[in-house]
1. Out of all Cα-Cα pairs in the range 60-171, roughly what percent, to the nearest whole number, are more than 17 Å apart?
2. Please report the relative contact order for the range 1-104, taking Cα pairs under 8 Å with a sequence separation of at least 6, and give it as a percent rounded to a whole number.
3. If I stretch the segment between R7 and S125 completely, what's the gain in nm (0.36 nm per residue apart, minus their alpha carbon distance), one decimal?
4. Under a point spin-label approximation (7 Å from Cα along Cα-to-Cβ), what is the E88-T149 distance to one decimal in nm?
5. Sort out for me the Cα centre separation of the range 50-127 from the range 1-31, rounded to whole Å.
6. How many Å² of accessible area per residue for the chain, probe 1.4 Å?
7. Output the relative contact order of the chain, whole-number percent, from Cα pairs under 8 angstrom with separation of 6+ residues.
8. Quick one: with all protein chains in place, what share of the accessible area of the range 1-104 is carbon or sulfur, to the nearest percent (1.4 Å probe)?
Amino acid sequence: MQLVVARIGRAHGIKGEVTVEVRTDEPELRLGPGARLTTDPAANGPLTIETGRVHSGRLLLRFEGVRDRTAAEALRNTLLIADVDPAELPEDPEEFYDHQLIDLDVVLADGTEIGRITEISHLPSQDLFIVERPDGSEVMIPFVEEIVTEIDLEEQRAVITPPPGLIDDSQAVIVSSRDDEASEPGGEA
């Protein structure tokens, strides 16, 4: 199975290093020296990591055969893809690979069916489940402990306890700061 583990960013310096946007929880395993990665677009690879280091909080990589800024800049926005055994599991039992979560049924704690996970969206602040509802519509569910209370891979389901309005707009609680201002002395009536 192939998993996207990083996206190449801009060139760093003049000796062929690039910044990378890490898309794996195990960069030391997937992006270490000697790792051979396929690429998207395929014409840019495969690439073998020669060196890696952290600089100002960013991971910098240098690939075999990439020796200058021009060659490094030509790789910008290339996705790095690792071959992973589908049976392999993350070390932490509370972590999951995307392929383990795709197609899980999403249900409420009482068993009410919400839909099926069709995609995982990785945002800087959190991950989102893109869930296809039985009627064909989609809902986005933040993959946070307070909402996703259980992932049961044996039963192929994710149990959620959504806040009001996340699943059903009619249950949304609308809070407005204008309401507070109107009730304060001297506020508009």
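The values are calculated or read from the model by the stated rules, or taken from the named source; none is laboratory data. As the structure is a prediction and not an experimental result, all values here were calculated from the model. Every residue, glycine among them, receives a Cβ derived from its backbone with ideal geometry; neighbour counts consider all protein chains shown. Heads up: the accessible areas ignore ligands, DNA and RNA and are worked out on the full protein's heavy atoms, side chains in. Shrake-Rupley method; radii C 1.70, N 1.55, O 1.52, S 1.80 Å.
1. That tail contains 63 percent of the Cα-Cα pairs.
2. 35 percent
3. 40.7 nm
4. Computed distance between label sites E88 and T149 equals 3.4 nm.
5. Centre-to-centre (Cα) distance: 10 Å.
6. Accessible area per residue: 62 Å².
7. Value for the chain: 15 percent.
8. Solvent-exposed carbon and sulfur of the range 1-104 make up 49 percent of the total.
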